[in-house]
1. Has the range 344-360 got at least one residue that is in a helix (DSSP H, G or I), in contact with a helix residue (DSSP H, G or I) (Cβ under 6 Å, 6 or more places away or on another chain) and not charged (D, E, K, R)?
2. Can you tell me which of Gly70, Gly17, Gly60 is surrounded by fewer than 19 Cβ atoms within 10 Å (Cβ to Cβ), out of contact with any Cys (no Cβ under 7 Å at 6 or more places or on another chain) and not assigned by TED's automatic domain parsing to the domain that holds Arg442?
3. Which of the residues belonging to the range 411-436 are small (Gly, Ala, Ser) and farther than 19 Å from Gly346 by Cβ?
4. Looking only at strands (runs of 3 or more DSSP E) that fall completely inside the range 205-283, which ones have 2 or more residues that are surrounded by 19 or more Cβ atoms within 10 Å (Cβ to Cβ)?
5. I'd like to check something: does the range 128-139 contain any residue that is part of a loop (DSSP other than H, G, I, E, B) and not assigned by TED's automatic domain parsing to the domain that holds Asp325?
6. Please tell me if Leu193 is of a type outside the set (D, E, K, R), more than 16 Å from Val130 (Cα to Cα) and crowded, with 20+ Cβ neighbours inside 10 Å.
7. Among the numbered criteria (1) closer than 21 Å to Cys336 by Cα; (2) in contact with a Ser or Thr (Cβ under 9 Å, 6 or more places away or on another chain); (3) not in a loop (DSSP other than H, G, I, E, B), which one does Pro444 miss?
8. Which of (1) in contact with a helix residue (DSSP H, G or I) (Cβ under 8 Å, 6 or more places away or on another chain); (2) in a helix (DSSP H, G or I); (3) over 28 Å from Leu156 (Cα atoms) does Arg5 not meet, given it meets every other one?
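The values are calculated or read from the model by the stated rules, or taken from the named source; none is laboratory data. Please read these numbers as outputs of a predicted model, since none were measured by experiment. Because the Cβ atoms are built from the backbone with ideal geometry, glycine has one as well, and the counts that use them run over all protein chains shown.
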Amino acid sequence: MSNFRLPAKGSKIFFAGLGGIGMSALAQFINSLGYEVAGSDRDISSPSQAELFAKLAKQGIQHFVQDGSGVSSFAPDLIVFSSALEDDNPDFLAAPNTARMHRSQAIAAAVDQSGLKAIAVAGSCGKTSVTAWIAATMRAMGKAPVMINGGYSPDLESDTHPGNFGDGSDYVIFEADESDGSLVNFTPELSLLLNMGDDHHSKDKLEVMFKTFLDNAKHALVNDELAYLAKDHPSHKSFLSEQADFSLSQVQHNQQGVTFSLNGDFVQTSQWGVHSADNALAVIASLATCGFSLEEILPAMLAFCGVRRRFELKGRVKNVPLYDDYAHNPQKIAACIAAAQAIYNGPVLVFFQPHGYGPLGFMAEALQRELEGVLNPQDKFVFLPVFYAGGTTSFKPTSKEVCESYAQAGLKVDELADRELCSAYLAEQAKDYSCILVVGARDPSIPLWSQSLTDEAS
């Protein structure tokens with residue numbers, strides 16, 4: 001049980017930053033619990049967000065420009081906000097006396113109020129895919145889990161629902177975010193820790209956060225490399241290595257997707273890439289820890305059809321497949337490139353739009369190491385301008401500065417001053433590659449833009 005509480009059912013709750021994929025998922029969940037929900041966003045008029053806001057409106061969730069007018073007219077009992085908002089946000093200034101709650105606190109309170117057992121998924125890579133995969137497998141087993149996710153599941157998309165929330169009555173499955181440290185607010189039935197990267201915080205800080213996240217749960221499930229964080233937990237299990245409770249070996253690919261051996265049992269999946277084998281094992285281990293049998297889990301896993309912007313085929317450019325992926329930290333980007341190399345066995349062209357100046361500076365050294373390990377001589381990595389979402393920043397380092405540093409170190413990299421130059425770049429060079437990747441996070445316009453690069457839609 002968490003220490004956070006929502007106001008009484010029927011109260012008005014306002015989401016400042018409603019257009020964020022995690023915020024909109026939570027807004028739908030709280031709306032389903034019997035609250036009157038509305039919100040604002042700085043990108044309220046963006047064409048890339050039009051479909052999201054239209055579907056939210058069909059659920060009765062109002063949306064406003066983020067200038068303070070919406071919160072004034074809606075007169076909420078509570079404002080829910082994300083870490084992306086600063087203290088001088090117009091909504092805060094317009095309602096200085098209205099109670100506020102961070103998004104993670106609101107998730108914790110809403111999960112408690114639902115009365116459902118919770119599975120919280122944490123880690124630097126794979127959270128969204130694993131969250132969606134657990135939910136899809138449960139549905140295929142005849143269960144009805146609630147899902148609150150940072151990605152869109154095609155099988156949950158409808159005229160009224162964008163796909164990042166699925167209503168239900170059995171479990172609630174959600175992402176626990178380490179980027180702002182908020183994952184320590186959760187007290188789930190099961191805490192699942194997938195891995196630990198280096199795109200947000202130092203190793204020491206992450207270890208403290210992840211240990212607290214595991215300690216707060218009734219059951220802890222952790223990648224065996226991080227098992228030391230759960231060694232004092234009274235109910236913990238590990239996965240991945242040969243020494244783990246759930247071990248992975250013999251990873252291969254066939255026409256359906258990646259396959260592997262789980263403690264000697266053959267596992268077929270519907271997804272591609274070695275990282276998908278790791279994700280699948282985490283799904284199996286989670287559901288087994290919750291009491292489901294392998295006989296139930298393994299066939300049901302094949303129902304998972306992926307998540308939007310996770311190695312999503314958008315179309316072709318001069319007959320070369322182009323994929324859009326949310327990869328934005330060193331490990332995710334390397335995993336995406338490795339998956340493309342394994343599938344197409346040829347040169348890969350990567351366009352990367354960094355999701356902020358701070359994140360790019362923090363991960364620059366780690367990204368260089370990952371690229372040195374994964375790029376083949378004929379591959380090319382192209383930097384696009386850093387995405388700026390507003391707020392305080394130094395505007396350093398730039399993509400050009402990082403690109404020049406990598407080039408001096410011997411990496412085959414390039415930099416474009418404007419992403420609109422990509423079409424001309426592809427017209428000249430696409431034929432030299434077996435696969436094209438567009439990677440980056442936070443910018444909601446990427447899916448439509450990456451689609452526009454293709455001359456043959458998927």
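1. Here is the first cut: in the range 344-360, the residues in a helix (DSSP H, G or I) are 344, 357-360.
After this cut, where a residue has to be in contact with a helix residue (DSSP H, G or I) (Cβ under 6 Å, 6 or more places away or on another chain) as well, the list is none.
So far as the range 344-360 goes, no, none of its residues is in a helix (DSSP H, G or I), in contact with a helix residue (DSSP H, G or I) (Cβ under 6 Å, 6 or more places away or on another chain) and not charged (D, E, K, R).
2. On the way: Gly70 fails: surrounded by fewer than 19 Cβ atoms within 10 Å (Cβ to Cβ); Gly17 fails: surrounded by fewer than 19 Cβ atoms within 10 Å (Cβ to Cβ).
Just a single option satisfies the conditions, and that option is Gly60.
3. First, the residues of the range 411-436 that are small (Gly, Ala, Ser): 417, 423-424, 427, 430, 434.
If the condition is that a residue be small (Gly, Ala, Ser) and farther than 19 Å from Gly346 by Cβ, then Ala417, Ser423, Ala424, Ala427 are the ones that fit.
4. Values: elements: 219-223, 236-240, 246-253, 258-262, 265-268.
By residue number, 219-223, 236-240, 246-253, 258-262.
5. So the first thing to find is which residues in the range 128-139 are part of a loop (DSSP other than H, G, I, E, B), and the list is none.
No, every residue in the range 128-139 fails to be part of a loop (DSSP other than H, G, I, E, B) and not assigned by TED's automatic domain parsing to the domain that holds Asp325.
6. Working: of a type outside the set (D, E, K, R): yes; more than 16 Å from Val130 (Cα to Cα): no; crowded, with 20+ Cβ neighbours inside 10 Å: yes.
For Leu193, the condition - of a type outside the set (D, E, K, R), more than 16 Å from Val130 (Cα to Cα) and crowded, with 20+ Cβ neighbours inside 10 Å - is not met.
7. Every listed condition holds for Pro444 apart from (3).
8. (2) is the only condition that Arg5 fails.
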